[in-house]
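Participant: Just dropping this structure here.
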Amino acid sequence: MASASSFSATKFTQPLPLNGTTSRSHDKHQSFFDPLRTTPSSSSFLGSTRKLRLSSASKLKLLANPNRRSAVVAVSDVVKEKKAKSTTNLLITKEEGLVVYEDMILGRAFEDMCAQMYYRGKMFGFVHLYNGQEAVSTGFIKLLKREDSVVSTYRDHVHALSKGVPARAVMSELFGKTTGCCRGQGGSMHMFSKEHNLIGGFAFIGEGIPVATGAAFSSKYRREVLKEADCDHVTLAFFGDGTCNNGQFFECLNMAALWKLPIVFVVENNLWAIGMSHMRATSDPEIWKKGPAFGMPGVHVDGMDVLKVREVAKEAIGRARRGEGPTLVECETYRFRGHSLADPDELRDPAEKAHYAARDPITALKKYMIENSLASEAELKAIEKKIDEVVEDAVEFADESPHPSRSQLLENVFADPKGFGIGPDGRYRCEDPKFTEGTAHV
């Protein structure tokens, strides 16, 4: 997309090169929607029939609707000022690059191990892996403070890891053990950690967006009503392309824009909602354009390029933290595995899968760091070895951890467990030998 005044970062012209391809188009810039000037252009986005080329004009007046809030166009000049003062063409420092690379390697290695453990019968139910989408999780979450919140979907393992939840706690949760981050009661789709402000894992699509909007409202309320001056907390809401035709999405965009909530809506558009192609499921496949419709900035970014994602994330998170309101970011990415480990993945075109596999975000980052002398091959190999050990340790820890007791079955189900889970004698009803026989009166 061509550059525009809003949310434009001049260094977006440096994608992570890999086989000379980019995501939705061959244009090198990422930018926000300018609602005044759009012209059709061609696209190399697989399956796409059209796209919009965004205007580069920075001081257009809102002639079409003089009452329209100018914030839709002029998002922020802060990023432009920062870029103007920059003395280097690199998008990341060595220290930042090593942190980003380690987090992405952790996400990939962890998910690969999950596949092994699932097929060995260590995990049960549906397990949705994140392979290929690491640039989105790392690009956004590693920019957050500990007090900031993350709300995820059923594809939540890597979001939890990026937010700082230990690999041991995530793997144990997947194994259904008491040492898991939810004591084994959440499983794959319900990661949660109060300590790390990971508000969930939500199994139903769109379910987490209202929760995230409420978390953002809480931050604003604490700052403006309770006068907690240091409460500048930001919330990230992750969800997929399949969610963006659901009512909760639109309702929460409206509420967040109306109240200028400190939230970033992050669409992980991996082009497929289980077996439904995004191109067949929506009247306009460009999700980012829905942001300006509600008076907030919308941006499309190459979700296979962690450095581009970071640039967009910095400004979106910064806007939220400064009290300038929400942002909708569409990250075009791709999952390298089926929808879940129960999905044979026979619906997607092999050519489409090969196209995105050639743009592996980890391979691209590694190439960028070595070519720009940010890290040596040996340094990156050392990180990979370290992560392999972390993942192996997580598996051993989870395997050796105990299963929850039966008395835990009805905990955290009702606010007053005495109304259902505890009998007159004070003991849990599930401890009654007849409970599992279906004869206990509960």
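Participant: In whole Hz and in residue order, list the ³J(HN,Hα) couplings for the stretch 129-145 that follow from phi through the Karplus curve 6.51 cos²θ - 1.76 cosθ + 1.60, θ = phi - 60°; x for Gly and Pro.
Facilitator: After applying 6.51 cos²θ - 1.76 cosθ + 1.60, I find 9, 10, 3, x, 9, 4, 4, 6, 4, 5, x, 8, 5, 6, 9, 7, 8 Hz.
Participant: How charged is the neighbourhood of TYR221? Take every other residue with its Cβ under 11 Å from the Cβ of TYR221, and add Lys/Arg as +1 and Asp/Glu as -1.
Facilitator: Around TYR221, the surrounding residues sum to +2.
Participant: Stretched out fully, how many nm does the piece from ASP349 to GLU379 gain, at 0.36 nm a residue minus the Cα gap?
Facilitator: Gain on stretching ASP349 to GLU379: 7.1 nm.
Participant: Could you tell me the number of lysine pairs in the stretch 110-215 with C-alpha atoms less than 26 Å from each other, where the two lysines are 8 or more residues apart or belong to different chains?
Facilitator: For the stretch 110-215, the number of qualifying lysine pairs is 10.
Participant: Net charge near THR243: determine it from the other residues with C-beta under 10 Å of the C-beta of THR243, scoring Lys and Arg +1 and Asp and Glu -1.
Facilitator: Neighbour charge sum, excluding THR243 itself: -3.
Participant: Which order, highest average first, do 165-174, 327-336, 271-280 follow once you tally other Cβ atoms within 10 Å for each residue and take the mean per peptide?
Facilitator: For the peptides 165-174, 327-336, 271-280, the packing ranking is 327-336, 165-174, 271-280.
Participant: Can I ask one more? From the phi angles alone, apply the Karplus equation (6.51, -1.76, 1.60; θ = phi - 60°) to the stretch 266-279 and give each ³J(HN,Hα) in whole Hz, x where the residue is Gly or Pro.
Facilitator: Calculated HN-Hα couplings, in order: 10, 8, 8, 7, 8, 6, 9, 9, 6, x, 9, 5, 4, 5 Hz.
Participant: Can you sort LYS289, LYS227 by 1.4 Å-probe accessible area, starting with the largest?
Facilitator: The residues order as LYS227, LYS289, largest area first.
Participant: When we measure straight from the Cα of LYS260, which aspartates and glutamates land under 20 angstrom away, once same-chain ones fewer than 8 places off are left out?
Facilitator: Correct list for LYS260: ASP34, ASP77, GLU147, ASP148, GLU224, GLU228, ASP230, ASP232, GLU251, GLU315, GLU324, GLU330.
Participant: Where a ≥ b ≥ c are the square roots of the eigenvalues of the C-alpha gyration tensor, would you call the stretch 137-250 rounded, which needs a/c under 1.5, or, failing that, prolate if a/b is larger than b/c, or oblate?
Facilitator: oblate
Participant: Further question: Under the 0.36 nm per residue contour assumption, what length would be gained going from the current alpha-carbon distance of TYR119 and GLU389 to full extension?
Facilitator: Here the answer is 95.1 nm.
Participant: Spin-label point model (7 Å from Cα, Cβ direction): what's the ALA293 to GLU411 distance in nm?
Facilitator: Taking the simple label geometry, ALA293 and GLU411 are separated by 4.5 nm.
Participant: Give me the distance between the Cα centres of the stretch 221-240 and the stretch 296-347, rounded to whole Å.
Facilitator: Comparing the Cα centres of the stretch 221-240 and the stretch 296-347, I get a distance of 21 Å.
Participant: Please give the length that would be gained between ARG321 and PHE204 if that part of the chain were fully extended, namely 0.36 nm times their separation in residues minus their C-alpha to C-alpha distance (nm, one decimal).
Facilitator: 39.3 nm
Participant: Answer rounded, prolate or oblate for the stretch 38-400, using the Cα gyration tensor with square roots of eigenvalues a ≥ b ≥ c: rounded when a/c is under 1.5, else prolate when a/b is larger than b/c, else oblate.
Facilitator: Since a/c stays below 1.5, the shape of the stretch 38-400 is classed as rounded.
Participant: Counting only protein heavy atoms and using a 1.4 Å probe, what share of the accessible area of the stretch 38-400 belongs to carbon plus sulfur, as a whole percent?
Facilitator: The value for the stretch 38-400 is 54 percent carbon and sulfur by accessible area.
Participant: Give me P(r) over the stretch 229-287, computed from all C-alpha to C-alpha distances, binned every 5 Å, as integer percentages.
Facilitator: Reading the bins upward from 0: 4, 16, 24, 22, 14, 10, 5, 2, 2, 0.
Participant: Just to verify a number: what accessible area does ILE287 come out at with the full protein assembly present, 1.4 Å probe, Å² rounded to tens?
Facilitator: 0
The values are calculated or read from the model by the stated rules, or taken from the named source; none is laboratory data. These numbers were taken from a predicted model, which means no experiment stands behind them. All Cβ positions, even for glycine, are placed from backbone atoms using ideal geometry, and neighbour counts span all protein chains on display. Heavy atoms of the whole protein, side chains included, go into the accessibility calculation; ligands, DNA and RNA do not. Shrake-Rupley method; radii C 1.70, N 1.55, O 1.52, S 1.80 Å.
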